[in-house]
Structures are given as C-alpha cells and as structure tokens.
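A.B. asks: So that we are looking at the same thing, I have put the structure below in structure tokens.
Throughout, read-outs are computed from the coordinates displayed, never taken from laboratory work. The model shown is predicted, which means the values in this text are computed figures rather than measured ones. Please note: Cβ atoms are built from the backbone with ideal geometry, for glycine as well, and neighbour counts cover all protein chains shown.
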Amino acid sequence: MEKSIEMIWKEGFLKNEDIVIPKINDLYNQKSKNIIDKIIRMMKINNVVLIVFAISLLIYTLIFKIPVILGIFLFFLFITQAIYATIQINNVPDIDKNQNSYLYLKSFHSWLKGQISRYMILSKFFYPTCVLSASLILWFSEGREEIIEKLYNQFPDMIFIYGIPLYLILVVLLACILVFIFSEKVYKWDINLVYGRVFKKLEEIISDMEELRN
Amino acid sequence: MSSDFYRSSILPFAAIIIKICRAYTNSQEDFEDYYQEVCLQLWRSKDNFKGNSEWSTWVYRIALNVCLTLLKKKKKHTHQYFASDSLPDEVSIENHAFSNESLNKLYEAIRHLSEVDRAVILLYLDEKTYQEIADITGTNANNIGVRIKRIKERLKKLLDGKIN
C-alpha cells in the first residue's frame, strides 16, 4: 500500500539516532557564507585597497619626483572615497534574520539594491578618476620628452596647451568620457557576474511569496 | 561560539536545522556548509531573541532565511537534475542522507519544489498549523491550505511508483 508523505516523514524521523549531526569546529572563527556578510567583507577589502593605493600614490610621487601637489591631490581623492566607503559600511543595517521570511527577503533585497545604486554612482566618478590619475602619473613620469618628440615628428603642426599636446588631452578626455558613460554598464555587468544568480533567485522567491500573501 | 550555547540552544534543535538544510542542498558538502551557517547566524542573533515566540520558531525562521539567501554555487549536475520533472529510480549516493529509503526519496522530491514550496511543506510536515506557517514565512494563512494541497499533489506525482 502506498504511504502518505506525512507517514513517510513521521516514520523517517521516528528514530532520532538516524539524524546525524554534522561536526562543527571553531565555528565562530569561520567565515560566514551569507551574501550580506560576504558583501560587507568585500567592501572592507575594497576600502583597505583604496587606502593602500592612496598612500602608494603619494609615496610614488615623492620617490619619482612627480609634482607633490599631484600626489597630495590624488591621495585625498582616494582617501575621500575610502571615507565614503567606511560610512557605507557603518550604515549597513543589521537586517534582522528573525523577521518572517517575506520581510527578511524584502529588506535584504532593498538593502542590496540600495548598495548597488550607491556604488553605481560612485563608479561613475571612480573609474574616470583612475583614468585621469594614471594619465597624469604617466605624463609626469620619465620618458615624457621622448613621447612628445615622437608625437611632434608624427604631427609637426601639433597644438600645445600649457605644454601638453592637444591630441593627448583629447585622448585622455575621450577615455574619461567613455569610462564615465560606460561605468554603470561595467559595474552592472560585474555585479551580475558575481551576484546575478542570487538576485534572480531572490526576485523569484519574493514574487512567489507575494502570490501566497494575496 | 561558546560550546555552552551550542550544547544548550542549538543541539536540542539540530533536527529542525538538519531537516531544513537537507531540503535546500544536494550534496553532503553543501549540507554541512548550510548547517554551519545556520548555527553561526543563530549564535550571532541570539541577543535579538526576546522570547516573544518559542525558541524552536526562532530556529525555524533563522534556518529558513539563511537557506533562502545563502551564497553557494550549486554543482553543475544539480542544474541538470532540476531540469527533469521526474525522480530518478535510485537516489544518488550523495543524497543518501537517511537510513530510511522512503525518506530519501521524499527529500529528493521536495528538492524538485520551488524554494517557497519547500519551506511550506517542511513546516507542514513538522506539524505546524497554517497560522504558524504563515507567521514564519510571512504569507497569508488562508492561502496556505490551497498551496499545501497543490504541493502534496505535485509530490505525489513525483513519488508515484517510487515508494511502496
């Protein structure tokens, strides 16, 4: 005779010794695999990278005799971003995991969306800043004369603005504009690659729950 | 984590965590990761427990919420497995979690359900009332009965001929 699922369940868990409890060691020191904890960890790592990068830039400008004012400017630019990121981390709400599943998923989803939209705005300025910084450092590095000479040989009628070839300014400007325009797309692509599956799953679960609520 | 907390507040409820984590995982490795994560989150959130509900209800909530949002890549064969709408004749070795073969088959069928349906049926099988199921999942008790009926029909179809 066919058993009902209730019967299978009851019989299956009748003997408690059948339930093998996994061994867990040093649990508290283990890294959480929860997506919220993981994103916060990533934000903290990004922050450390920003600070290290800012300090490295300052040291680089001092060692390689690049105008120190540029080093200080870049240092403060990256440190400002690190401060912004720290504020973001400190503002991460402690999403209560004891809420009912629907509310938990909703607050988790809106927190994620908020983080992504804030970082999307930040990326609009962050990526062009990186392009500009790299260009300025390259410009003030050794070998500049060589580049100008090569460019001058190629384009003898080249226009200079404050000693900088116009073509170079245009190239850097174009790169900055392109990076500014596509920064959102790049960030979205990057985020989708890492969290796309989780977002899709979350949205599916929430819509299924909404169906059950109404 | 203090071993006292684990022994007094988690171990007696380990069966709840195991039952839920088994339904959301397809391998022993994933299962152990999920179990560990639920224990970790229970410990982290223990100070938020104000005693407004039973501790077991708290465990159900945390376990379900963690399982619904855990970031763990599923193995490739899992996707192929879920693509099918019928159960394999034999339960895979990896899913041979319990000594009771019928229970293993039932779990395999439960894993074919959507995440929400899994939560609903697990709570139902653990004899939670419709109201309790609705409270834990944040849904409407009036719709739970209909949903359970549908889930049971689907499970029956999946299990048809697989269990005697």
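A.B. asks: Report the local net charge at B:Leu68: Lys and Arg +1, Asp and Glu -1, summed over other residues whose C-beta lies under 10 Å from its C-beta.
C.D. replies: Once all neighbours under 10 Å are counted, the net charge is +1.
A.B. asks: Hey, can you list the DSSP H helices of chain A whose Cα span along the axis is 18 Å or longer and whose average Kyte-Doolittle score is at least -1.0?
C.D. replies: For chain A, where a helix must reach 18 Å along its axis and average at least -1.0, the hits are A:35-63, A:68-90, A:101-140, A:166-213.
A.B. asks: If you don't mind, another one. Tell me which aspartates and glutamates have Cα within less than 16 Å of A:Lys200's Cα, excluding those fewer than 8 residues away on the same chain?
C.D. replies: Filter leaves A:Asp190, A:Asp208, A:Glu210, B:Glu115.
A.B. asks: Are there GluC sites (Glu not before Pro) in the stretch A:77-161 that DSSP marks as loop and that have at most 10 other Cβ atoms within 10 Å, and which are they?
C.D. replies: A:Glu142
A.B. asks: May I ask which residue of A:Asn25, A:Leu174, A:Ile35 lies farthest towards the positive end of the charge dipole of the protein assembly as shown, with charges of +1 (Lys, Arg) and -1 (Asp, Glu) on Cβ and the Cα centre as origin?
C.D. replies: A:Leu174
A.B. asks: Let me ask you something else. As I understand it, the dipole of the protein assembly as shown uses +1 on the Cβ of Lys and Arg and -1 on the Cβ of Asp and Glu, about the Cα centre. Which of B:Gln36, A:Met158, B:His112 lies farthest toward its positive end?
C.D. replies: Farthest along the dipole direction, towards plus: A:Met158.
A.B. asks: Would you mind working out the magnitude of the charge dipole of the protein assembly as shown relative to its Cα centre, with +1 at each Lys and Arg C-beta and -1 at each Asp and Glu C-beta, to the nearest 20 Debye?
C.D. replies: The calculated dipole for the protein assembly as shown is roughly 340 debye.
A.B. asks: Using +1 on the beta carbon of Lys and Arg, -1 on that of Asp and Glu, and nothing else charged, what's the dipole of chain A about the Cα centre, debye to 20?
C.D. replies: Computed charge dipole of chain A: roughly 240 debye.
A.B. asks: If you keep only loop residues by DSSP, which GluC sites (Glu not before Pro) in the stretch A:177-207 have at most 16 other Cβ atoms within 10 Å of their Cβ?
C.D. replies: Answer in residue order: no site qualifies.
A.B. asks: Follow-up. Shape verdict for the protein assembly as shown, please, from the Cα gyration tensor: rounded (a/c under 1.5), prolate (a/b greater than b/c) or oblate.
C.D. replies: prolate
A.B. asks: Check each of the GluC sites (Glu not before Pro) in the stretch A:1-80 and keep only those in coil by DSSP with at most 16 other C-beta atoms within 10 angstrom; list them in order.
C.D. replies: Taking the stretch A:1-80 and a limit of 16 other Cβ atoms within 10 Å, the loop GluC sites (Glu not before Pro) found are A:Glu2.
A.B. asks: Next up: In debye, nearest 20, what is the charge dipole magnitude of the stretch B:104-154 about its Cα centre with +1 on Lys and Arg Cβ and -1 on Asp and Glu Cβ, if you could check?
C.D. replies: 260 debye
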